[in-house]
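Participant: Quick one: the structure is below, questions incoming.
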Amino acid sequence: MVPDPLDFLDTAGLLSDSERLVAQTVREFVTSQVLGEIGEWWEAGELPLGLVPEMARMGMFGMHLEGYGCAGMGAVEYGMAALELEAGDSGLRSFVSVQGSLCMFPIHQYGSEEQKQEWLPRMARGEVIGCFGLTEPDAGSDPGSMRTTARRAGGDWIIDGTKAWITNGGIADLAVIWAKTSEGVRGFLVPTDAPGFEAHPIERKVSMRASVTSALVLDGVRLPEEMMLPGVASMRGPLSCLTEARLGIVFGAMGAARACYEAALHYASERRQFGVSISSFQLTQAKLVEMMVAVQRGTLLAIRIGRLREEGKLTPEQVSMGKYNNVGDALAVARTARSVLGANGITLDYPIMRHMANLETVYTYEGTHDIHTLILGHALTGVPAFRAPGPAGRS
Ligand code: TGC
Ligand code: FAD
């Protein structure tokens, strides 16, 4: 029997029944509710917020967290949901990553019992939308150089600063804001209607158009003590959230890549030039093979990383390897797939150019490709190369 061109190594055979069910359920949701309109939403620069109640009903928000109304699923179930969502659009996966991994996770991990009870069930139901404010205009790859501060004033905290490029910023009810304090870097739960808080849309994006991206200004925002996350006071707080979200990206990028490969495979079988199907040209076949192998390789890598997580053995550096490989390969697949479609490939009538444009963001956020290269280089050599050597050179 000839292997399935869309799952050549039967990677689905590595999944449990419940993992396959999650993947199939999310794929059906994407097919029935997303694919028909995503091109229009993307072109119009609209996040389809109307899908949020259904996504909540399916348990997508905080799905890998235990208790507090969360689905308590495994890492591979979470990953397969991300993969199938991103086969629809990276903006949808981003929405779910931010809500679950960047906002609900820090509350779950570092919040007080009262904070968990107050926020997590409502966030799981999609009634409260979150955003995660770490990046600043002058602190991107190096978030430890942030300038946002929080200082104690009586029993309250006062936060001042600016955050940039914040997914969901303009639609969020609650912002998880990371700020420097005299006690170290702390996370704060900032209701977006607090006086002094403003969100401004980032306009003219040609990537992640079906996603809201904003700049946040915090000008003397006053919060009571109970809005500070008590469980962490260092960069480990925000960086550990990134590891959660990067895990979703390792899987998700392969969803976008698969969608591009699938579109190219289908197109190649229908398009004729020089009197024959373009799929009969050796050069086209080489492109299809290259894409198929990349998608299968990345899917295997994602499942392995998910399994390591479930066994409690996964390190942040292994997640970096997954993001490094899978996002880099997904972009390469998108470019190759676009070439198979010729001129048609540049339009929104096909999904490829939209995925390619989105993947440029995925290549940059959650740690740029360069930063993950350096994290891996550090792991291999023991030498951190993030900063230029001082006068004495690196030790
Ligand atoms: P460093 O000194 O290396 O570490 C400080 C503390 O943090 C711990 N740590 C981690 N823990 C868990 N996961 C990780 N990935 C971790 N990385 C570091 C570390 O063990 C240490 O703990 P402790 O207890 O000893 O204090 O920190 P550094 O400031 O030198 O950072 C190094 C570097 C460059 C790797 C880090 O800054 C980095 O990853 N930079 C990239 C920034 C980034 O990824 N920003 C993403 C912003 S959010 C976003 O893009 C959301 S997009 C929306 C979506 O996901 O859809
Ligand atoms: P810079 O850090 O200025 O990097 C510029 C270039 O320099 C890159 O090529 C980079 O790889 C390279 N570079 C930097 N440092 C080094 C080094 N040491 N060695 C070699 N090369 C280096 N952030 C949030 O906090 N929350 C969000 O929800 C969020 N959502 C986002 C959504 C979108 C659509 C986008 C585009 C970004 C989002 N981000 C978010 C921000 C994102 O995490 C940052 O863009 C990213 O961390 C890179 O920072 P930067 O853009 O400032 O680039």
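The values are calculated or read from the model by the stated rules, or taken from the named source; none is laboratory data. Computed from a prediction, not measured in an experiment: that's the story for all the values here. A quick note on method: Cβ atoms are made from the backbone with ideal geometry, for glycine too, and the neighbour counts reach across all protein chains shown. What goes into the accessible areas is simple: the full protein's heavy atoms, side chains included, and nothing from ligands, DNA or RNA. Shrake-Rupley method; radii C 1.70, N 1.55, O 1.52, S 1.80 Å.
Participant: Taking chymotrypsin sites (Phe, Trp or Tyr not before Pro) as exposed when DSSP calls them loop (any state but H, G, I, E, B) and at most 15 other Cβ atoms lie within 10 Å, what is the longest stretch of the chain free of them, the sites themselves excluded? The partial results should precede the final answer.
Facilitator: On the way: sites that count: Phe8, Phe274, Phe281, Phe386.
Here the longest run is 9-273.
Participant: Taking the Cα-to-Cβ direction at Arg222 and at Arg307 and moving 7 Å from each Cα, how far apart do the two end points lie in nm?
Facilitator: So the two model labels end up 5.6 nm from each other.
Participant: Please list, short to long, the whole-number percent of alpha-carbon pairs of region 150-234 in consecutive 5 angstrom bins beginning at zero.
Facilitator: Percent of Cα pairs in each bin: 3, 15, 26, 22, 16, 10, 5, 3, 1, 0.
Participant: Could you tell me how far the Cα centroid of region 127-150 sits from the Cα centroid of region 359-391, in Å?
Facilitator: 19 Å
Participant: Something else about it: For the chain, find the longest principal axis of its Cα atoms and tell me its angle to the long axis of helix 236-270, 0 to 90°, nearest 10.
Facilitator: 20 degrees
Participant: Now a separate question. Just to be sure I understand: if I project the alpha-carbon convex hull of region 66-145 onto a plane and average over all orientations, what area do I get in nm²? Intermediate results must be reported in sequence, preceding the final value.
Facilitator: Numbers: hull surface 25.7 nm².
About 6.4 nm², averaged over all directions.
Participant: Next up: Taking only pairs that are 8 or more places apart or on different chains, how many Lys pairs in the chain have Cα atoms under 30 angstrom apart?
Facilitator: Lysine pair count for the chain: 13.
Participant: Follow-up question, since we're still on this one. Determine, at each q value in 0.13, 0.15, 0.25 (inverse angstroms), the log₁₀ of I(q)/I(0) that the Debye formula gives when each Cα of region 303-353 is one equal point scatterer.
Facilitator: For the requested q values the scattering log ratios are -0.48, -0.56, -0.84.
Participant: Dipole size in debye (nearest 20) for the chain around its Cα centre, Lys and Arg Cβ +1, Asp and Glu Cβ -1? If you can, show how the numbers build up before the last one.
Facilitator: Working: 34 positive and 45 negative charges, 216 e Å.
Rounded to the nearest 20 debye, it is 1040 debye.
Participant: While we're on this one: Under a point spin-label approximation (7 Å from Cα along Cα-to-Cβ), what is the Arg20-Glu290 distance to one decimal in nm?
Facilitator: Spacing of the two 7 Å Cα→Cβ label points: 3.3 nm.
Participant: Next question, about the same structure. Pick from Leu21, Leu218, Leu85 the residue whose mean-square fluctuation is largest in a GNM of the chain, springs joining Cα atoms under 10 Å.
Facilitator: Of Leu21, Leu218, Leu85, the Gaussian network model singles out Leu21 as fluctuating most.
Participant: Rolling a 1.4 angstrom probe over the protein chains, ignoring ligands and nucleic acids, what is the accessible area of Lys287 in square angstrom, nearest 10?
Facilitator: Approximately 70 Å² for this residue.
Participant: If you don't mind, there's one more thing I want to ask. Can you compute the radius of gyration and Dmax for region 231-275, using only the Cα atoms, both in Å?
Facilitator: Gyration radius and largest Cα-Cα distance of region 231-275: 20.0, 67 Å.
Participant: What percentages make up the Cα-Cα pair-distance distribution of region 273-317 when the bins are 10 Å wide from 0?
Facilitator: 24, 28, 20, 16, 10, 3
Participant: How high is the FRET efficiency between Glu114 and Asp193 when r is their beta carbon distance and R₀ equals 30 Å, given to the nearest 0.05?
Facilitator: Details: r = 20 Å, r/R0 = 0.67.
The pair Glu114/Asp193 has a calculated efficiency of 0.90.
Participant: Choose one answer from Ser94, Ser182, Ser320: the residue with the largest mean-square fluctuation in a GNM of the chain with alpha-carbon springs under 10 Å.
Facilitator: Ser182
Participant: Let me ask something additional. Quote the charge dipole size of region 146-226 about the Cα centre in Debye, to the nearest 20; the model charges only the Cβ of Lys and Arg (+1) and of Asp and Glu (-1). Can you show the working numbers first?
Facilitator: Details: 10 positive and 10 negative charges, 87 e Å.
I would put it at about 420 debye.
Participant: Could you work out the relative contact order of the chain? I mean the mean sequence separation of Cα pairs under 8 Å and 6+ apart, divided by the number of residues, in percent. Provide the component values of the computation, followed by the final result.
Facilitator: Values: 712 pairs, mean separation 68.8, N = 395.
Averaging sequence separation for qualifying contacts and normalising by length gives 17 percent for the chain.
Participant: Here is a further query. Compute the separation of the alpha-carbon centres of region 254-308 and region 24-41 and state it in Å as a whole number.
Facilitator: Centre-to-centre distance over Cα atoms comes out at 20 Å.
Participant: What does the charge add up to near Gly111, with Lys and Arg as +1, Asp and Glu as -1, over the other residues with Cβ less than 11 Å from its Cβ? Don't jump to the answer; show the numbers that get you there.
Facilitator: Numbers: positive: Lys116; negative: Glu113, Glu114, Glu118, Glu226.
So the environment of Gly111 carries a net charge of -3.
Participant: Over the Cα atoms, compute the radius of gyration (one decimal) and Dmax (the largest Cα-Cα distance, rounded to a whole number) for region 66-212, in Å.
Facilitator: 15.8, 50
Participant: Could you grab the Rg to Rh ratio for the chain? Cα atoms only, Kirkwood for Rh.
Facilitator: 0.99
Participant: Given the options Asp17, Asp89, Asp329, state which has the largest fluctuation in a GNM of the chain using a 10 Å cut-off (strictly under) for Cα springs.
Facilitator: Sorting by GNM fluctuation, first place goes to Asp17.
Participant: Then there is this: Rounded, prolate or oblate: which one fits region 104-148, using the alpha carbon gyration tensor with axes a ≥ b ≥ c (rounded when a/c is under 1.5, else prolate when a/b beats b/c, else oblate)?
Facilitator: Numbers: a/c = 3.71, a/b = 2.16, b/c = 1.72.
Because a/c hits 1.5 or more and a/b exceeds b/c, region 104-148 counts as prolate.
Participant: Count the DSSP beta bridges whose two residues both fall in the chain, then state the antiparallel fraction as a percent rounded to the nearest 5. Spell out each step's value before the answer.
Facilitator: Values: 31 of 36 bridges.
In the chain, DSSP labels about 85 percent of beta bridges as antiparallel.
Participant: Hey, quick one: spin label on Glu203, modelled 7 Å out along Cα-Cβ, who in region 127-165 has an amide N within reach, i.e. under 18 Å?
Facilitator: 165
Participant: Treating the angle as unsigned and between 0 and 90°, give the value, to the nearest 10°, between the Cα long axis of helix 113-124 and the longest Cα principal axis of the chain.
Facilitator: 30 degrees
Participant: Now for a different question. If you consider only alpha-carbon coordinates, what radius of gyration and Dmax does region 289-395 have, in Å?
Facilitator: 17.2, 56
Participant: Could I ask something else about it? If I fit a long axis through the Cα atoms of helix 282-310 and take the longest principal axis of the Cα atoms of the chain, what angle between them do I get, 0 to 90°, rounded to 10?
Facilitator: Roughly 40 degrees between the two axes.
Participant: Kirkwood Rh over Cα pairs of region 219-303 into Stokes-Einstein at 20 °C, 1.002 mPa s: D in µm²/s? Let's see the in-between values first.
Facilitator: Details: Rh = 16.8 Å.
Result for D is 127 µm²/s.
Participant: Follow-up question, since we're still on this one. Report the longest stretch of the chain that contains none of the GluC sites (Glu not before Pro) sitting in a DSSP loop with at most 10 other Cβ atoms within 10 Å.
Facilitator: Numbers: sites that count: Glu66, Glu203, Glu311.
By the stated rule (loop sites, at most 10 other Cβ atoms within 10 Å), 67-202.
Participant: May I have the pair-distance distribution P(r) for region 1-133, computed from all Cα-Cα distances with 5 Å bins from 0 and rounded to whole percent?
Facilitator: Bin by bin from 0 Å, the calculated values are 2, 10, 19, 21, 18, 13, 9, 5, 2, 1, 0, 0.
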